[in-house]
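Nothing in this text is a laboratory measurement; each read-out follows from the coordinates by a stated rule. Since the structure is predicted, the reported quantities are computational estimates derived from the model, not experimental observations. Counting neighbours? That spans all protein chains shown, and the Cβs are built from the backbone with ideal geometry, glycine included.
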Amino acid sequence: MQRLSVQDYTSMPWKNGGGVTREVAKSSDNQGLIWRLSLADVIQEGTFSTFPKLSRILTVTQGGGMRLIDRDTNEVFLASLHTPIAFSGDQPITSELINGAIQDFNVIYDQAKTTADVRIIDGPNRTYIESSEGQTRAVYSLLGTFKINQHTLIQDETAVFNSNDRVQMTCEYGSKVLLTTFTSRP
């Protein structure tokens, strides 16, 4: 298991130059990106970076949310607090903030190499998480504290573990975590 704190995250400019993201963790192979987890502060409305041939799952972690508008079809997606929303990295998305600045957690992945699932777990909750062969899981603390085995993680910290790790996760009352599961494609 790998435990990551805010100091471990790598800051970098958005692909389109419109802001800064903090890369939490990523996996790549010799052909490129398999998956990436990142946090972004969105302080103004604007155009999203595109990620051709990749997929995205975005979860608003702080703030009032935003509307995501596909510029080609005018379809509108509502990105609300603690609700994962999936869309294609190819989509030409423009954002409209609903009530000021937000922070979001982004999962970007190559569907040809892996599947991705994001879900929110509310405390109190105690569960064992056993990953199947070819799975990687990441747990990000949205609110409060939680434990992975004997390690306590606080808000904004992440734990990443692989298929050979069996972990007990305990979410305290009032805590909330974001669990991402990647399953490699054969």
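Which residues, counting only those in region 152-186, are in contact (Cβ under 8 Å) with a residue 60 or more places away in the chain and either basic (Lys, Arg) or under 17 Å from GLN7 (Cα atoms) (or both)?
Let us first name the residues in region 152-186 that are in contact (Cβ under 8 Å) with a residue 60 or more places away in the chain, namely 153, 156-161, 165, 167, 176, 178-185.
Hits for region 152-186 are LEU153, ASP156, GLU157, THR158, ALA159, VAL160, LYS176, ARG185.
Only one of the numbered conditions (1) closer than 17 Å to TRP14 by Cβ; (2) surrounded by fewer than 15 Cβ atoms within 10 Å (Cβ to Cβ); (3) among the small types (Gly, Ala, Ser) is violated by GLY64, and that is (1). If you go through region 104-117 and keep only what is β-branched (Val, Ile, Thr) and either without any contact (Cβ under 8 Å) to a residue 24 or more places away in the chain or crowded, with 19+ Cβ neighbours inside 10 Å (or both), you end up with VAL107, ILE108, THR114. Screening region 72-87 for residues that are surrounded by fewer than 16 Cβ atoms within 10 Å (Cβ to Cβ) and in contact (Cβ under 8 Å) with a residue 24 or more places away in the chain and picking the one that is nearest to ARG36 (Cα to Cα) gives ALA86. The residues of region 23-67 that are more than 18 Å from VAL177 (Cα to Cα) and of a type in the set (Lys, Arg), listed by number, are LYS26, LYS53, ARG56, ARG67.
Surrounded by fewer than 18 Cβ atoms within 10 Å (Cβ to Cβ), in contact (Cβ under 8 Å) with a residue 24 or more places away in the chain and over 27 Å from GLY144 (Cα atoms): is that true of ASP29 in this structure? Don't jump to the end; show me each part of the working.
Details: surrounded by fewer than 18 Cβ atoms within 10 Å (Cβ to Cβ): yes; in contact (Cβ under 8 Å) with a residue 24 or more places away in the chain: yes; over 27 Å from GLY144 (Cα atoms): yes.
Yes; evaluated as a whole, the condition is true for this residue.
Each residue in region 130-151 was checked for being without any contact (Cβ under 8 Å) to a residue 60 or more places away in the chain and either crowded, with 17+ Cβ neighbours inside 10 Å or farther than 30 Å from PRO186 by Cβ (or both), and 11 of them qualify.
Before we move on, is VAL139 in a strand (DSSP E or B), among the β-branched types (Val, Ile, Thr) and either in contact with a helix residue (DSSP H, G or I) (Cβ under 7 Å, 6 or more places away or on another chain) or within 19 Å of GLN103 (Cβ to Cβ) (or both)?
Yes, satisfied.
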